[in-house]
Amino acid sequence: MKKINRLNAALGMALAVTGVAHAAEDSYKFSGTLDLGYYRDYDEKNKTGSISRSNVAFDGLKDLGNGMAGTIKLNTRFFLRNPNTKENLVNEDTKYMFAGEATAGLKGDFGHVRVGRALTALWQNDWAYDAWYNYDQIASPAWWLWHGNSAADPNASSKNASFSRLNNGVFYASPKFAGAFSVDASYGLKKDTKDKNNSVSVALKYGQGDVNAMVASEKTPAGNTVTFVGANYKMGAVTVMGGYDVEKIYGGTKNRSASVSARLADGKMSYMAGFGTQLDYNDAKFFSLGANYAYKPNMNLYVSYGNQAKGFWGSKTSKDAIGVGVNYSF
C-alpha cells in the first residue's frame, strides 16, 4: 500500500508540474493495443489469450517555453485470456497498475530526461533487431534467446521480478550527434538489500539511410552483465536483422546467443522468418515462421510458428508451438 501511495503522489506531482492534469495541456494522446489469439503452446496445451501483450497508454506534453517541454507517460499492460482459467502469460508486475511505464520528464535541446518506471536502455531498444519486435511469445527469437537470465529489477517486489523495467529509475535519450548517432541510458535509483549494485544500462545507436545498429551494455542489480550488439539492413521490401547477446552471470557462468531474422513486406502481407542458437547452453537451436495480414489500417491478422530444438533451455525433447491471432490498435 505504501508503494502505491508513493506512486500516486509522484504521479500527482508530475501532472501538476507538467500541466497535463488540466485543460491547458498542449497535447495528449490516448492509445492502446488489444491482442487475442488461439494457440497450442510449447507445453502442448491449447490456450486462448494474448500471444503478445495488450496495453492502454496516455502520453501528455506541456510546452514550457524556451525550447523546453514537460512530458508524462502512463502505460497499463494487461493480458486477454480465457476467463475460465487463472493463467497469465507473464507473471511480471501484475500488482502494478502502470506496469508498462509511469514517468514524468523534461525534454529540450539536451535530449529527454524521465524519472519513474520504464524500460532500461537495453530493453527499450533491442526490439528493433527482431522481425517480431521482441513481441511474439511463439515466434520471436528475441523473446526466447536474449538476456534470459538477467532481470532488470530482480527484487521489484516481494513476489515478482521486473524483467525489463526499473521501478525507480532515471532515463535519458540524447539528441542525434555526428549526423547519425544517439545514446540512451538508464540508472536505477533504488538498491535493495539483496542487490549487489544499482542498475546501469547504456545503448549507443547508429541510424542512417537503410542501416541501423546498436551496441548496448547493462549491469543488473543481481551483478549480471549483458552485452548486446544488433543491426538491421533494409533492402527494398526485405529487412534483415540480427542480434548477438552475451550474458555473464554473477559467479562466472556465461550464456551467449545469436539470432537472425527477416521480414518481407508485400502489399498488405508481411512474411517473417527467424533462426537462433544458444552458443553456451547445449548449442540448442530455435526456428520460427510467421505471416501478418493488414486487414484494416489498425487491425492485423497473423499466424505464428516456432520450434525449440532438443536441449533448448534444458529441454529433453523438441517442442513446437503454433497460433493464430488478431491485433487491434487505436
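Step by step: first the residues of region 208-217, then only those that are in a strand (DSSP E or B) and more than 24 Å from Tyr187 (Cα to Cα), then the one that is modelled with the lowest pLDDT. Which residue is that?
Out of the qualifying residues, it is Gln208.
Just to be sure I understand, how many residues within region 222-258 are over 19 Å from Tyr302 (Cβ atoms), surrounded by 19 or more Cβ atoms within 10 Å (Cβ to Cβ) and of a type in the set (Ser, Thr, Tyr)?
1
Look at Asn125 and say whether it is in a helix (DSSP H, G or I) and either of a type in the set (Ser, Thr, Tyr) or within 17 Å of Lys219 (Cβ to Cβ) (or both).
yes
Anything in region 71-93 that is of a type in the set (Lys, Arg) and at pLDDT 60 or above? List them, or say none.
Within region 71-93, Lys73, Arg77, Arg81 qualify.
Right, Tyr96: modelled with pLDDT of 95 or more, in a loop (DSSP other than H, G, I, E, B) and either within 17 Å of Leu119 (Cβ to Cβ) or not polar (S, T, N, Q) (or both) or not?
Against the criterion (modelled with pLDDT of 95 or more, in a loop (DSSP other than H, G, I, E, B) and either within 17 Å of Leu119 (Cβ to Cβ) or not polar (S, T, N, Q) (or both)), Tyr96 does not qualify.
Any residue in region 191-202 that's surrounded by fewer than 16 Cβ atoms within 10 Å (Cβ to Cβ): show its pairings with residues that are of a type in the set (D, E, K, R) and not in a loop (DSSP other than H, G, I, E, B) at Cβ separation under 8 Å, as long as the two are six or more apart or on different chains.
Asn197/Lys219
So which residues in region 178-207 are of a type in the set (S, T, N, Q) and not in a strand (DSSP E or B)?
Thr193, Asn197, Asn198, Ser199
Which of the residues belonging to region 174-190 are among the aliphatic types (A, V, I, L, M), exposed (fewer than 15 other Cβ atoms within 10 Å of the Cβ) and farther than 26 Å from Ile249 by Cβ?
Result: Ala178, Ala180.
Considering only region 302-313, I want to know if a residue exists there that is small (Gly, Ala, Ser) and modelled with pLDDT under 95.
yes
If you check Ser261, Ser270, which single one turns out to be buried (at least 21 other Cβ atoms within 10 Å of the Cβ) and within 27 Å of Gly207 (Cα to Cα)?
Ser261
Taking region 233-252, which residues are assigned to a strand (DSSP E or B) and within 28 Å of Gln208 (Cα to Cα)?
Correct list: Tyr233, Lys234, Met235, Val238, Thr239, Val240, Met241, Gly242, Gly243, Tyr244, Asp245, Val246.
For region 229-252, which residues satisfy the criterion of being touching a strand residue (DSSP E or B) at 6+ places or on another chain (Cβ under 8 Å) and in contact (Cβ under 8 Å) with a residue 40 or more places away in the chain?
The answer is Gly230, Ala231, Asn232, Thr239, Met241, Gly242, Gly243, Asp245, Glu247, Ile249.
Tell me which residues, restricted to region 278-301, are touching a residue at least 40 places away in the same chain (Cβ under 8 Å) and of a type outside the set (Gly, Ala, Ser).
Passing the criteria: Gln278, Phe286, Leu289.
The values are calculated or read from the model by the stated rules, or taken from the named source; none is laboratory data. On a predicted model such as this, the values are computed, not experimentally measured, just so you know. With ideal geometry, Cβ positions are generated from the backbone for all residues, glycine too; neighbour counts draw on all protein chains shown.
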